[in-house]
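Before any comments, here is the structure.
FYI, it's all coordinate maths here, none of it is from the lab. Everything numeric in this text was worked out from a predicted model, so none of it was measured. Every residue, glycine as well, gets a Cβ built from its backbone with ideal geometry; the counts of neighbours run over all protein chains shown.
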């Protein structure tokens, strides 16, 4: 047995401690509000992730199902195999929640994950360059890369779990050089496990990271059949291991309602061509540039991809001086091109060219793959910048190693590395306030009057309004950790699968309909409600039992009328469709009258997802239809034909219609 010196045994721990300190710096002022706030922007996912962490902890303590949500989508609940497929999104926070407050557990997971990212990258960079100081710098680049910081603020906890990616690359590099059969088997297993781990924070990540990396290794080893065989074996074994977790979550996603599954956004969540040179618009040195704010927007979550001045120069130096570094460039270029999405954006605007006088958007390679199976449910090509971060860290490590070896030695090299790391951190920091780094945070406070609802046995369900607002649903999930009662809506990921007809009709606040659906508590989220809607809620519900600047909460109004038909026509503007909703307590006829105008050539009447009739539209057309329906909720829509596909291309004109709809339910008697 080899006796390792104590200093050697402590070095990995000291290195991890260094990256913990860096993580605390990136996330400042989180360390000062560790147990009272969550890391994350108010528009992000922090509340929903915190709620899901709470549920795992709560379910283990009370014997509730881990992968089913009886407190969401009352009364039926909803499955949550998504938790099984993405365990690193909630672990170790749910375990830490046994001994910590929920905010502290969440924040601890964030900081540990960032530190692990830096530590894993330093191992890979040390192997590639042989320089410990350069590896230190590479770890800082990887963990602090603006793409990471953007998703940190967005509350995308699972996406931050990138530490297995450098370990996967490291295992493959060792595997391709191994000769001993026993070592080959061990490294094959290690690489396969790392491949599977890369998807356990988010099942999307293999598309953005390990798949491009694996293809890059295959291309480089194409004529070395032994290496190709080993890579393929790793991919197969890793894929099989991953399938244990991913398949249940994928089946659940594919079976979700279309309004959840087919949300789209491939154009909206693409990176700008100039994102590589767009630092944070909040940075004290760069906030006056203007173009960076135009490129990244007010909330740089998905689009951040800034290379950095110091890291970029080190990468260029590597390409000039280190031959071994040059092959990595092609992986970075491929990932960067894919991050631009299906259509080219430049300087915050869609780029166009003109052919024969007609403008056209510029299609990019991602457009060729965006409709492939599985890829078609991934709506965020900008996340290929996670692979770009890996490549930049590796190239900078090569550049830093050459610079330090040719100029300095010993403690001077370490001091130089620390100075470079500090400059890179300053250059990369995305979130700034008046006095320094200022990561967005959200309060973990829940009003005592809301939490007190958990002691009541007469509450069947809570209805949060306006129900259709995405941020209302996220805030509601966090409030549920306090009141611990079922809610009408709620979601596991993205948006609520609540049937729109049910949501809109309950939002009429009809007392009998609320009672029939088990609604005993109504909570208005003032910030996300239109003033007219808030005024109507107060008028219909009276004085709330709790009110502050953000919330108002009422007991459901008493029922003094039997359940009757309810109709609702949301206010609309010209678009590809106009909608209306009706509830029938018993079978009856829905009477729809509408005056339709617009430039659509034809339009259909679609009832509960099925086309019912179609008309040509030339100017203005009045329709008057009687539609027999069974008891229940019904959605009616007038839809332009063909419907508009999602596109941010201003050169593509959408055929629209506007309908003044009147809806009534005829008396069945």
Using 0.36 nm per residue of separation minus the Cα-Cα distance, give me the extension gain between residue 405 and residue 337 in nm, one decimal. 21.2 nm
Packing-ranked peptide list from 351-358, 396-403, highest mean Cβ count within 10 angstrom first, is 396-403, 351-358
Cβ crowding within 10 Å averaged over residues, with 227-235, 155-163 ranked highest first: 155-163, 227-235
Note down the relative contact order for the chain as a percent, whole number, built from C-alpha pairs under 8 angstrom at least six residues apart. 14
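Once the piece of chain linking residue 449 and residue 229 is laid out straight, how much longer is it, given 0.36 nm per residue of separation minus the C-alpha distance between them?
Length gained, residue 449 through residue 229: 72.9 nm.
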Compute the long axis of helix 132-144 from its Cα atoms, compare it with the longest principal axis of the Cα atoms of the chain, and write down the angle in degrees, 0 to 90, nearest 10. 10
Specify the inter-centroid distance of the range 275-312 and the range 403-451, based on alpha-carbon positions, in whole Å. 16
Which of the three applies to the range 448-555, rounded, prolate or oblate, going by the alpha-carbon gyration tensor with a ≥ b ≥ c and a/c under 1.5 meaning rounded? rounded
Under the definition of Cα pairs under 8 Å and six or more residues apart, what whole-number percent is the relative contact order of the range 448-555? 29
Using helices alone, what [θ] at 222 nm do you get for the chain, with -39,500 (n - 2.57) per DSSP H run of 4 or more residues, divided over all residues and rounded to the nearest 500? -14000 deg cm²/dmol
Give the distance, in whole Å, between the Cα centre of the range 6-33 and the Cα centre of the range 623-644. 59
As I understand it, the value is the acute angle between the Cα axis of helix 181-197 and the longest principal axis of the Cα atoms of the chain; what does it come to in degrees, rounded to 10? 30
Starting from the 7 Å offset along Cα-to-Cβ, what nm value, one decimal, do you get for the label separation of residue 346 and residue 24? 4.7
In nm, spacing of pseudo-spin labels at residue 630 and residue 547 (7 Å Cα→C-beta vector): 4.3
Take the Cβ-Cβ distance between residue 180 and residue 376 as r, set R0 to 51 Å, and report the resulting FRET efficiency rounded to the nearest 0.05. 0.75
FRET efficiency, 1/(1 + (r/R0)^6) with R0 60 Å, evaluated for residue 287 and residue 58 via beta carbons: 0.90
What's the angle, to the nearest 10 degrees (0 to 90), between helix 326-339's Cα axis and the longest principal axis of the chain? 10
Please sort 26-35, 177-186, 503-512 by packing, taking for each peptide the average over its residues of neighbouring beta carbons within 10 angstrom, highest first. 503-512, 26-35, 177-186
Taking P(r) over Cα pairs in 20 Å bins from 0, in percent straight from the coordinates, which label in [x] 14, 23, 17, 16, 17, 11, 2, 0; [y] 16, 46, 30, 7, 0; [z] 16, 42, 34, 8, 0 is the correct one? [y]
The range 331-354 and the range 505-550 have their Cα centres apart by a whole-number Å value of 44
Just need the relative contact order of the range 566-665 here, percent rounded to a whole number, with Cα pairs under 8 Å and 6+ apart. 44
May I ask you to derive the FRET efficiency for residue 355 and residue 623 from their Cβ-Cβ distance with R0 = 56 Å, giving the value to the nearest 0.05? 0.90
Separation between the residue 36 and residue 508 pseudo-spin-labels, each 7 Å from Cα along Cα→Cβ, expressed in nm? 4.5
